[in-house]
Ligand SMILES: [Zn+2]
């Protein structure tokens, strides 16, 4: 199914839609609707269970606006930029490297402004939209700048382009909370901003997006110690190495052969695969990719992505795992002039950081694509979603078979019981029972509870399973435990 069709279904079913629609929209921003918000929150809940409950990470929440020195230290003020060119006739902006790569069919990584200007000239590249002449390329910083406070003393600030740096800043306080021991991990889920030059696929390249980034602070003396790898590290998966070779092997093998340089990277790649599979992303479409030497940040010794191969739009990067060394904390030591080193057993050092950086919006697109089921011949003449219960917007819908003979009253009683048991359930009284099942399937609700005439007699209800369409009778008293 095409990207546009999936988004169209998402719009109609209250999952996701373009923001500011009544004012003509603005590229790079989306709203999560009533159904999408539930899915997004559930996805975050699965993530928190994995990293906070199982892995023992802490969580922080920091501001999205931060003063300029933070981003001077991180390097974003200087180099978080893309080279841009604009059409002189219609004003359409383009990322110069993408445009040249596409039109001239050459590799443009690492090309300078003058290289790109030369290429535009040489290959006679014009505006793809109107054929107009292109302006000389220039550097465009992707951070949104703002000012805090009025007048002469106003402070230059930026909307954060990533959560990571804001997690590093209170390192000293976090180290205290961790009882002055390493390693420890800190999760931050929050919004970040990038003023993308021309975002096209809304859910993939957003100007405001949600990140879930985990920073592990490590002792360099022990960071390469062996770890017990999760089960997911023992399954075959497609791996693209930094030399652009594609091999099929397990994460464990790749670690033993030295392709993956650090046991913790192998560990976190496996955990990421578990997370994506748990939330319902098709595991057969996941693969691993190691960053090439010429694309990796100079301070990182090894960087990996988990990618999803989308049938509709190609490769999508879902998480990046990077050994950042002591670069970030050292930069903040240099600019802030504060001592962020630690002293453990008489050794004074700057901790290293291993970062696990998830986007949240992209996995939701991949989830929609993975769980969308076509209409079938056996009675379902509509597309439906097979979301796993952990991320489905509601656990169950509660329906009275008829709008009479005390059935709605009984249904309300069952609804209250499930609500009070802490379950996300909804009731729906409009249309035939078949239509109500269809609407539940359309937003991927795994169970439908129906109150019929037997319910009044013997206190049982039917529970319909979305995936099999099978119904079974269950006593009302057992229902909360069953749905949980
Ligand atoms: Zn143009």
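What percentages, rounded to whole numbers, describe P(r) for the stretch 394-483 computed over all alpha carbon pairs with 5 Å bin width beginning at zero?
Final binned percentages: 3, 16, 30, 28, 19, 5, 0.
Place a label point 7 angstrom from the Cα of residue 246 along the Cα-to-Cβ direction, then list the residues of the stretch 345-367 whose backbone nitrogen is under 15 Å away.
Within reach of a label on residue 246, which here means backbone N under 15 Å from a point 7 Å along Cα→Cβ, the stretch 345-367 contributes nothing.
Residue 107 label point, 7 Å along Cα→Cβ, cut-off 13 Å on backbone N: hits in the stretch 226-240?
none
With a 10 Å radius around each residue's Cβ, average the other Cβ atoms per peptide and rank 331-338, 319-326, 460-467, highest first.
In descending order of packing, they fall as 319-326, 460-467, 331-338.
Which whole-number percent gives the relative contact order of the stretch 201-285, counting Cα pairs below 8 Å spaced six or more residues apart?
Over the stretch 201-285, the number comes to 26 percent.
Mind checking the angle between helix 263-278 and the chain's longest principal axis? C-alpha axes, 0 to 90 degrees, to the nearest 10.
Once rounded, one gets 30 degrees.
Restricting things to alpha carbons, tell me how big the chain is in terms of Rg and Dmax, in Å.
For the chain, the Cα-based Rg and Dmax read 25.8, 83 Å.
Below 8 Å, C-alpha to C-alpha, sequence gap of six or more: please give me the relative contact order for the stretch 394-483 in percent.
RCO, the stretch 394-483: 31 percent.
What do you get when you divide the Cα radius of gyration of the stretch 233-368 by 2.2 N^0.38 Å, with N the number of residues?
Here the answer is 1.18, to two decimals.
Could you list 1, 143 in order of exposure, starting from the residue whose Cβ has the fewest other Cβ atoms within 10 Å?
1, 143
Given points 7 Å out from each Cα along the Cα-Cβ axis, report the residue 430 to residue 297 separation in nanometres with one decimal.
5.0
Can you give the relative contact order of the chain as a percent, counting alpha carbon pairs under 8 Å and 6+ residues apart?
13 percent.
When the label point is put 7 Å from the Cα of residue 402 along its Cα-to-beta-carbon vector, which residues of the stretch 459-476 have a backbone N closer than 20 Å?
Residues passing the 20 Å test: 459-463.
Based on the Kirkwood radius over alpha-carbon pairs, what value in µm²/s does the Stokes-Einstein equation return for the translational diffusion coefficient of the stretch 122-237 at 10 °C and 1.306 mPa s?
83
Measure nothing fancy, just the Cα-based angle from helix 3-12's long axis to the longest principal axis of the chain, in degrees from 0 to 90, nearest 10.
50
Report the Rg/Rh value for the stretch 331-482, based on alpha-carbon coordinates and the Kirkwood definition of Rh.
Across the stretch 331-482, the Cα-based Rg/Rh ratio is 1.30.
Multiply the residue separation of residue 484 and residue 234 by 0.36 nm, subtract the distance between their alpha-carbon atoms, and state the gained length in nm to one decimal.
Separation in residues times 0.36 nm, less the Cα-Cα distance, equals 86.9 nm.
Shape of the stretch 63-148 from its Cα gyration tensor (a ≥ b ≥ c, root eigenvalues): rounded if a/c is under 1.5, otherwise prolate when a/b > b/c, or oblate?
Judged from the Cα gyration tensor, the stretch 63-148 comes out prolate (a/c at least 1.5, a/b above b/c).
Measure nothing but the geometry: give the 0 to 90° angle between the long axis through the Cα atoms of 34-48 and the longest principal axis through the Cα atoms of the chain, rounded to 10°.
60
Using helices alone, I'd like the mean residue ellipticity at 222 nm for the chain: each DSSP H run of four-plus residues gives -39500 (n - 2.57), total over residue count, nearest 500.
-8500 deg cm²/dmol
Every number in this text was worked out from the coordinates using simple rules, so none of it is lab data. Since this is a predicted model, take the numbers as computed values, not measurements. Cβ sites come from the backbone with ideal geometry, for glycine too, and all protein chains shown count toward neighbours.
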